[in-house]
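Bear in mind these aren't lab numbers, they're just calculated from the coordinates by the rules spelled out. Computed from a prediction, not measured in an experiment: that's the story for all the values here. Cβ coordinates were reconstructed from backbone atoms using ideal geometry, including for glycine residues, and neighbour counts include every protein chain displayed.
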C-alpha cells in the first residue's frame with residue numbers, strides 16, 4: 001500500500017511540475033498573430049496589403065474565406081487525425097519509428113500540423129532534442145487553442161517560398177486570386193509547396209513545382225478525394241510561373257487606417273468603394289499628366305458620412321507623391337466664405353438678398369483686397385459669395401466674430417490650424433484662408449451643408465455605424481440658402497450646365513485659391529455626395545495664375561460625372577428676358593408667382609435712402625414669364641423703360657410688404673425689414 005501511495009505522490013508531483021512548467025514556459029504565441037495589414041473595400045475586396053515588420057507577406061487566414069476542399073485535402077495528406085489527436089499523433093509516431101528501424105533513416109515524418117506550426121513560430125535545428133521540444137510545445141498549444149484556431153494559425157504561417165507565408169498570400173501571389181476560388185491543380189500545388197518551399201517555387205523552378213503538384217494530385221486521386229476526370233484535367237492544366245504583385249489601389253488609405261484604427265495588424269474593412277476609388281484615381285492621374293503639381297480628392301456619401309474614395313496623391317511619381325495630402329493642412333483660400341455668410345444668416349445679420357459694401361476697407365491694421373483689386377460698391381450677399389469677393393466676406397466675418405467662427409468650426413470636428421501670428425484684428429484673415437485646414441476638414445463642413453447644417457465626423461470603416469450625435473453648424477434654412485447660391489455658380493469652361501443635361505448632378509460648389517497661388521481648391525456637394533479637390537505642390541511652391549476654378553474645379557466636375565445616383569428632382573430651365581435675380585436663381589417655373597428677391601423675412605441694409613439710393617431690383621419666377629406687376633405697401637412700382645426691371649428705392653427704414661401679381665391675377669408677397677447700413 002505504501003508503494004502505491006508513493007507512486008501516486010510521484011505522479012502528482014510530476015503533474016504539478018508539468019502544470020507549473022506549462023505556466024512558466026508558455027508556447028511562443030505572443031508573436032503568432034503578427035500579420036500583414038490587409039485593406040479591403042466595403043465589400044471585402046482587396047485594395048492593398050502591407051508587409052509585416054520583418055518584410056513578409058503574411059495574410060491572416062480565416063477558414064470561412066478558404067476553399068473547404070483545400071482544407072479537407074490538406075488534412076488528408078498532412079494530418080489525417082488532426083481533429084482526434086492532442087498535438088501528437090501516436091499512430092504516426094509508431095509508423096515513423098518502424099520505417100526508420102527498417103531503413104536506417106527517416107522515411108516518413110510524424111509531425112502533426114500543430115508541430116509544424118511550432119517549428120515555424122520557434123525555429124530550431126532539425127535534431128532529436130528539437131523534436132522533443134516541438135512535441136511538448138504542440139501539446140501546450142493544443143491546451144490553449146481550439147482546433148479551428150490552430151488550423152488558421154498554421155494556414156497563416158505556412159511557408160510558400162521567399163517572403164510568402166500563408167495560403168491567402170500564396171494564392172494571391174501565384175494565382176492572383178483568393179484562396180476561396182481554387183482549382184484542383186492549384187490546391188495540389190499549395191499542398192506541395194510547404195514541403196519544400198524554396199525548391200518548388202513555381203516562379204523560379206516551374207518544372208519541379210509541376211512534378212510535385214502532380215504527385216499530390218496522384219495521391220488525392222488514389223485516396224478518392226478527386227475523380228478521374230478531375231485528376232486528368234488537373235494534370236493537363238498549365239502551371240502559372242508568374243509571380244503577381246499585391247494590389248495597391250488605396251495604399252495611402254491603408255497607411256492612414258493601419259496607424260489609427262488597429263492595435264494589432266489584421267484585416268481592415270474600409271468604407272472605400274473599389275470601383276469608385278479606381279475611377280477617381282484614374283481621373284487624378286490623367287488630370288495631372290505632364291503637370292508639375294499633385295492633387296488630393298475625397299468623396300463622401302452624405303447620408304452615412306462614409307469615405308467612398310480617398311486619393312491622397314495622384315501617384316508616387318508626382319511631386320510629393322508619397323504624402324497623403326488629404327491629411328495635410330493647407331490654406332483653404334475662399335472655401336470658408338459660404339460658412340461665414342451662413343453664420344451671418346443664422347445671427348440675423350443679413351439674408352441672401354441683403355446689400356453689403358464692396359469698397360476698400362481697413363479693419364485695424366488689416367486691409368483686405370479683392371482678388372482682381374476691383375471693387376463694386378453695394379452688392380447683394382449672394383452676389384458677393386457667387387463672385388467670391390474678399391472685402392464683403394471679411395466685413396461679414398467681422399460682424400459674426402472670429403471667435404464665434406473659429407469655435408463653430410472646431411466644434412464641428414473641422415479643426416483649423418491657426419498660425420501663432422494670428423491674433424486680434426488679423427484674425428479676420430480667416431475669411432481669406434489665413435489658417436490651415438485639411439481636405440477631410442472641408443469635407444465635414446461641406447457635407448454639413450448637404451445634411452441640413454448638421455456636421456458629423458467622417459466614417460472610414462464599413463462596419464462602423466455613422467455617428468448619431470451631430471453638431472448643428474448652422475440652421476437648416478441658412479444651409480439651404482447657401483446651397484441655393486452655390487448651385488448657381490457658373491460651371492468651369494467646357495462643362496455643360498447641369499440643367500441642360502439629363503440625369504446630371506445639381507452641384508453646389510465653391511472654389512478657392514490661397515495666397516501666392518500655392519493651393520487650388522474646389523469643394524462641391526449634391527444631396528447624395530460631397531467631393532473635395534485640392535491641387536498644388538506639397539512643398540508649397542507657388543503656381544502663378546493657377547486658381548481653384550482653373551486647377552481644381554474641372555477635376556471636381558469629372559469626379560461628379562462618375563458618381564451614381566444623380567439628383568434629377570431639380571428641373572432647371574434656361575429662362576430668357578428674365579429679371580437678374582431670376583437668372584441667378586433659375587429653377588422650374590411655378591404655377592403661381594414666387595418671389596426670389598426680396599425673400600420673406602429678409603433684412604436689407606441700405607446705405608442711402610430716397611432717389612439717390614442704388615435701389616433694390618425685385619425678382620420672381622412665374623409661368624407667365626416677365627408679365628409681372630410689383631407693389632410695395634400697395635403702391636405700384638413702375639418698371640424701368642430700358643431694362644424692364646422693377647427697381648424700388650426705400651424712402652426710410654422700416655417694415656414693408658412687397659407683392660407681385662401676374663397677368664392672371666395670381667400673387668405672392670413677402671414681408672421685409674429695411675435697415676440703415678452701419
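Points worth noting:
- Each residue, residue 232 and residue 476, gets one label point 7 Å from its Cα in the Cβ direction; the gap between the two is 7.1 nm.
- With the simple spin-label model, which puts each label point 7 Å out from Cα in the Cβ direction, the residue 657 to residue 124 separation comes to 9.9 nm.
- Order of 33, 231, 160, 341 under a 10 Å beta carbon neighbour criterion, fewest first: 33, 231, 160, 341
- Inverse mean reciprocal Cα-Cα distance (Kirkwood Rh) of the range 62-236, Å: 16.9
- The range 325-562 shape via C-alpha gyration tensor axes, a/c threshold 1.5: rounded
- In this simple spin-label model, placing a label point 7 Å from the Cα along the Cα-to-Cβ direction at both residue 328 and residue 366 gives a separation of 2.6 nm.
- Over the Cα atoms of the range 361-452, the radius of gyration divided by the Kirkwood radius equals 0.97; this is the Rg/Rh ratio.
- Length added when fully stretched, residue 143-residue 669, from 0.36 nm per residue minus Cα-Cα: 181.2 nm
- Per-residue extension of 0.36 nm, minus the Cα-Cα distance of residue 463 and residue 33, leaves a gain of 152.6 nm for this segment.
- Per-residue Cβ neighbour rank within 10 angstrom, fewest leading, 111, 414, 617: 617, 111, 414
- Relative exposure of 511, 361, judged by other C-beta atoms within 10 Å (fewest first): 361, 511
- Estimated from the Cβ-Cβ distance and a Förster radius of 51 angstrom, the FRET efficiency linking residue 3 and residue 199 is about 0.35.
- Centre separation in Å (Cα based) which lies between the range 127-174 and the range 30-69: 15
- Gained length - residue 266 relative to residue 223, 0.36 nm times residue gap less alpha-carbon distance: 11.8 nm
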